[in-house]
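J.: First the structure, then my questions, so here it is.
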Amino acid sequence: MSGVLKSIIVILSAALLAACGLTTPEPASMTVATRAPSLTPAGPISTAAHVATITPGLAPASPTPTFAETEPTSESTSTLALPTSTAPEGLRMVYVVEGNLYLQNESNPPRQLTDSGEDGYPILSDDGEKIMFFRGDMPRDLYVINAEGSQEQALVTNEVLVGLGYGELTEVHDHSWVPDTHRLLFNTLQLNAEDVKSGDPNSRNLAKVNRDLLLVDADTGEIQSLVPPGKGGRFWVSPDGSRVAIVKQGEVLAITIDGQVVHQGRVPFAPGLSDIIWDVFWTPDAANLILLVPTQESLNDEMWPPTYTVWRYPLDESPPIQVPLDPPPMDIASVSPDGNWIIYSYYPEGRLSRQAPLYVGNLRQGHAELYAPDAAILHWSPDSTHFVYGYGQLFLGTVEGPPTLIDEGRFLGWVDAGRYLYFYTSNGAIMMGELGGRIVSISTGVPRNSLLSGPNWFTFILMDRRVEEFD
């Protein structure tokens with residue numbers, strides 16, 4: 001969850017719009033909400049910290065499979081020779097053209113949702129009915145719109161934040177839908193007026209993070225303060241949406257989605273590392289966290305990227321458990337949705353050497369094996385067994401055997417546990433792959449430039465039912 005957003009301007013010509021079937025559709029009717037949301041303070045945060053005693057140990061588990069030291073098991077198939085198929089039933093896609101949002105259901109014609117020319121970074125709610133997005137530059141405002149194009153609403157603007165006691169040029173920073181709801185978690189960023197005035201493209205990198213946490217209801221516009229400024233940190237919402245983990249000043253704070261503290265304890269940091277952590281992953285039952293914590297030795301040596309220790313962190317009174325992995329993770333890592341596996345890179349020569357082999361680690365057994373000669377971007381399937389990795393060339397990996405070469409392209413995401421989408425950069429097609437090896441080209445009207453910009457301008461979700469009510 002939780003990073004630095006790219007500043008990308010996508011400009012498409014009228015000829016490209018016509019080629020993609022986007023012949024200047026009429027924008028959907030919109031109702032802009034003007035009511036200022038109310039601020040409801042949550043209860044105070046407890047200052048009584050639970051200091052955990054760190055006792056290394058591991059739970060029993062099945063052995064980690066041994067992977068053959070071979071090249072990927074198949075060659076990619078020429079995309080031009082692959083069959084073309086309609087989009088999967090229930091696939092809903094949202095993308096941006098010239099700063100306006102478009103929605104496409106399956107292979108039906110696209111529908112224009114906004115016409116401001118300033119919109120980007122769309123994210124669909126889990127039910128596919130709401131789309132949150134940013135509008136404007138610095139400060140930018142957080143908006144939401146219904147998927148059929150109605151009830152466009154300015155949820156969190158600079159004006160609203162100033163009304164809640166924040167300074168000028170405050171904007172939404174990290175943000176996330178609460179799973180299976182229409183509520184959004186976010187924290188805020190205070191931009192520097194001189195940086196903004198100068199047009200410095202790094203203004204957001206230089207801005208002050210307010211270390212707060214707020215919750216806004218996309219249906220009502222009501223805003224609730226969960227953690228006041230200065231009392232929070234980076235946050236991660238649990239898969240079931242019941243809890244939020246916050247790492248701050250050497251502590252792990254776990255709260256309910258309504259702001260009640262359920263755990264506060266020390267992070268297994270070395271001295272002086274209270275604000276440095278790589279990532280946090282939830283287990284499905286929201287009872288444990290997987291923490292990746294930098295080692296003191298690597299930071300003393302000013303090595304970048306540093307090496308990390310891995311901890312299973314219970315949210316009860318149990319002590320954290322270190323999972324010993326050899327070699328340790330560096331730079332890129334991802335934990336499976338079930339919390340039992342980790343895939344990560346390690347630089348054998350340190351300091352971002354040219355090659356970073358990919359390792360697969362068993363977090364129950366505490367054992368890691370070399371999996372592939374190089375690692376890039378990592379994406380777990382919901383089945384916690386398969387994953388896609390690579391950039392430029394994509395590979396399908398599995399904890400049960402060697403990888404398979406997929407194709408050239410940019411990974412777009414998992415449709416479900418057995419299917420995934422990627423963008424074939426050579427001809428601009430969206431491809432769908434299956435775990436069984438079948439790959440087809442998906443017929444859509446999504447412009448190439450929207451796909452090239454990745455999550456900034458393209459997102460999708462698989463609905464539980466057909467989505468043809470307004471096509």
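The values are calculated or read from the model by the stated rules, or taken from the named source; none is laboratory data. Only a predicted model underlies this, so the values are computations on that prediction, with no experimental measurement involved. Quick reminder, even Gly has a Cβ in these numbers, built from the backbone with ideal geometry, and neighbours come from all protein chains shown. Side chains are part of the model used for accessible areas, which takes the heavy atoms of the whole protein and leaves out ligands, DNA and RNA. Shrake-Rupley method; radii C 1.70, N 1.55, O 1.52, S 1.80 Å.
J.: Counting other Cβ atoms within 10 Å of each Cβ, which trypsin sites (Lys or Arg not before Pro) in the stretch 94-202 have at most 15 and sit in a DSSP loop?
T.: Listed in order of number, the matching sites amount to none.
J.: Now, a different point. Determine how many Å³ per residue the convex hull of the Cα atoms of the stretch 176-217 encloses.
T.: So the per-residue hull volume is 88 Å³.
J.: Something else now. Beta carbons within 10 angstrom, averaged per residue: use that to sort the peptides 212-223, 160-171, highest first.
T.: 212-223, 160-171
J.: Dipole of the stretch 346-471 (Lys/Arg Cβ +1, Asp/Glu Cβ -1, origin at the Cα centre): which of Gly445, Tyr371, His386 lies farthest to the positive side?
T.: Value computed over the given set: Tyr371.
J.: Something else: Evaluate the distance, in nm, between pseudo-label points positioned 7 Å from the Cα of Asp240 and of Ser85 along their respective Cα→Cβ axes.
T.: About 3.4 nm separates the two model spin labels.
J.: With a ≥ b ≥ c taken as the square roots of the eigenvalues of the C-alpha gyration tensor of the stretch 392-467, please select rounded if a/c is under 1.5 and otherwise prolate if a/b is larger than b/c or oblate if it is not? Walk me through the intermediate numbers first.
T.: Numbers: a/c = 1.89, a/b = 1.26, b/c = 1.50.
In terms of gyration-tensor shape, oblate.
J.: Moving on. Put a dot 7 Å past each Cα toward the Cβ at Asp258 and Asn192; how far apart are the dots in nm?
T.: 4.2
J.: Measure off 7 Å from each Cα along the Cα-to-Cβ vector at Asn205 and Ser318, then give the distance between these two points in nanometres to one decimal.
T.: 4.1
J.: On the accessible surface of the stretch 101-195, probed at 1.4 Å, how many percent belong to carbon and sulfur atoms?
T.: On the way: 1280 of 3090 Å².
Accessible surface attributable to carbon and sulfur in the stretch 101-195 totals 41 percent.
J.: May I ask for the percentage of alpha-carbon pairs in the stretch 309-408 that lie more than 25 Å from each other?
T.: For the stretch 309-408, the share of Cα pairs beyond 25 Å comes to 18 percent.
J.: If you stretched the chain out fully between Glu434 and Asp383, how much longer would it get, using 0.36 nm times the residue separation minus the C-alpha to C-alpha distance?
T.: Value of the extension gain: 17.1 nm.
J.: When the dipole is taken about the Cα centre of the stretch 355-445, and only Lys, Arg (+1) and Asp, Glu (-1) are charged at their Cβ, what size is it in debye, to the nearest 20?
T.: 120
J.: Under unit Cβ charges (Lys, Arg +1; Asp, Glu -1), what dipole magnitude, rounded to 20 debye, does the stretch 73-230 have relative to its Cα centre?
T.: About 260 debye.
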